[in-house]
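> First, the structure itself, so that you have it in front of you.
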């Protein structure tokens, strides 16, 4: 298995694709490209229709997906606020590759069985395909898509990001093989000799202590233990230093533990959701996630420093669990609210990954929403960096055998 990636900030789309493709092919070191992905900034929107043809002129008739992107990631760099094309290609011996495109109107319903999803994707559940997803946020219900795929393919990893760069329906582009779509979702089903691991950095730091939800209704927390959530929050505020008080005022979130069997909680165990309302009379708190009694939650805050701390924690956790295994390549789906906008510097997440995990070929883009697993289920996130790391599931035969 071999991966390669490159990026170009040329103002000409044809030159950008040519330069990034040539660098990617050179980095494959003579191995054939079995799959190609490309992410293209909106500076090239007038030429989106020509992207598939330009890719095929460089790589030939290989499976190909991609999308429009508010910023692109490739070749060890994050290109934002200027023209950008990122390309990654992989040589994947022993891996079956199935590109697919879904429309909202033809997507299986919430109560559809796995057989309908198998037909829609063209990927059998028994093969346990690993799924890369690139939905358009304006034209398909990405949360329903992720929930349906979690039900139909329970043993599969689902990771990806929502196409970005467009501000209204029809402005984004999705690429698959020879087609450019303006709606739906495109993706890849990868099965065979492939291991996909994920790292989901949600950019928050916990404050206070975990608490058990003892009373709730849908997404409204009414009691945490013997107290109301606002009583707990007031206690946190009074005990906090000035920095955390400021963060509680302007960037408060709630982390929900998704694994009911967990007794200790660390970075990566919480699903981070926004606080969307509070009732001073009852002391209740509404968040962006349905809850059930008995779940554990913890308040979180977010800023550039906490996002850096969180990313360092989940990368360190992965590195310790990985041991000597080294991924062959990686994809990064990062929120448009991260990058220069949050950190004030370029290549923040890319450089941290390279320094703490490995310097491997990585590509991706800045998304309108990120897809990745937490606690055994897959979710649509915000303000997150979702990494997918690829390696062979079994040792590959030595060259010449």
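Listed here are the residues, each with its yes/no results for (1) at negative phi; (2) in contact (Cβ under 8 Å) with a residue 60 or more places away in the chain; (3) crowded, with 16+ Cβ neighbours inside 10 Å.
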| site | (1), (2), (3) |
| --- | --- |
| 114 | yes, no, yes |
| 130 | yes, yes, yes |
| 134 | yes, yes, yes |
| 139 | yes, no, yes |
| 143 | yes, yes, no |
| 148 | yes, no, yes |
| 169 | yes, no, no |
| 175 | yes, yes, yes |
| 194 | yes, yes, yes |
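> For residue 346, state whether it is crowded, with 18+ Cβ neighbours inside 10 Å, farther than 18 Å from residue 38 by Cα and at pLDDT below 95. Please lay out each step first, then the result.
Working: crowded, with 18+ Cβ neighbours inside 10 Å: no; farther than 18 Å from residue 38 by Cα: yes; at pLDDT below 95: yes.
No: the conditions fail for residue 346.
> Another question, if that's okay. Looking at (1) outside any helix (DSSP H, G or I); (2) farther than 26 Å from residue 43 by Cα; (3) without any contact (Cβ under 8 Å) to a residue 40 or more places away in the chain, which is the one condition that is false for residue 97?
(3)
> For the range 173-234, please list each of the strands (runs of 3 or more DSSP E) lying entirely inside it that holds at least 1 residues being within 20 Å of residue 289 (Cα to Cα).
Ranges flagged: 195-201, 211-217, 220-224.
Every residue, every condition in (1) touching a residue at least 12 places away in the same chain (Cβ under 8 Å); (2) in contact with a strand residue (DSSP E or B) (Cβ under 7 Å, 6 or more places away or on another chain); (3) over 20 Å from residue 140 (Cα atoms), yes or no:
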| residue | (1), (2), (3) |
| --- | --- |
| 352 | yes, no, yes |
| 363 | yes, yes, yes |
| 371 | yes, yes, no |
| 379 | yes, yes, no |
| 388 | yes, yes, yes |
| 396 | yes, no, yes |
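> So residue 310 fits all but one of (1) modelled with pLDDT under 95; (2) out of contact with any helix residue (DSSP H, G or I) (no Cβ under 6 Å at 6 or more places or on another chain); (3) surrounded by fewer than 20 Cβ atoms within 10 Å (Cβ to Cβ); what number is the exception?
Evaluating residue 310 over (1) modelled with pLDDT under 95; (2) out of contact with any helix residue (DSSP H, G or I) (no Cβ under 6 Å at 6 or more places or on another chain); (3) surrounded by fewer than 20 Cβ atoms within 10 Å (Cβ to Cβ) leaves (3) as the failure.
> Answer with yes or no whether residue 22 is assigned by TED's automatic domain parsing to the domain that holds residue 137, more than 27 Å from residue 98 (Cβ to Cβ), free of Cβ contacts under 8 Å to residues at least 12 places away in the same chain and part of a helix (DSSP H, G or I). Can you show your working first?
Details: assigned by TED's automatic domain parsing to the domain that holds residue 137: yes; more than 27 Å from residue 98 (Cβ to Cβ): yes; free of Cβ contacts under 8 Å to residues at least 12 places away in the same chain: no; part of a helix (DSSP H, G or I): yes.
Criteria not met by residue 22.
One line per residue, one yes/no per condition, for (1) surrounded by fewer than 19 Cβ atoms within 10 Å (Cβ to Cβ); (2) under 19 Å from residue 176 (Cβ atoms):
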position	(1), (2)
53	yes, yes
64	no, yes
74	no, no
89	no, yes
93	yes, no
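The values are calculated or read from the model by the stated rules, or taken from the named source; none is laboratory data. What you are looking at is a predicted structure, and each value in this text was computed from that prediction instead of being measured. Positions of Cβ are generated from backbone atoms using ideal geometry, with glycine treated the same way; all protein chains shown enter the neighbour counts.
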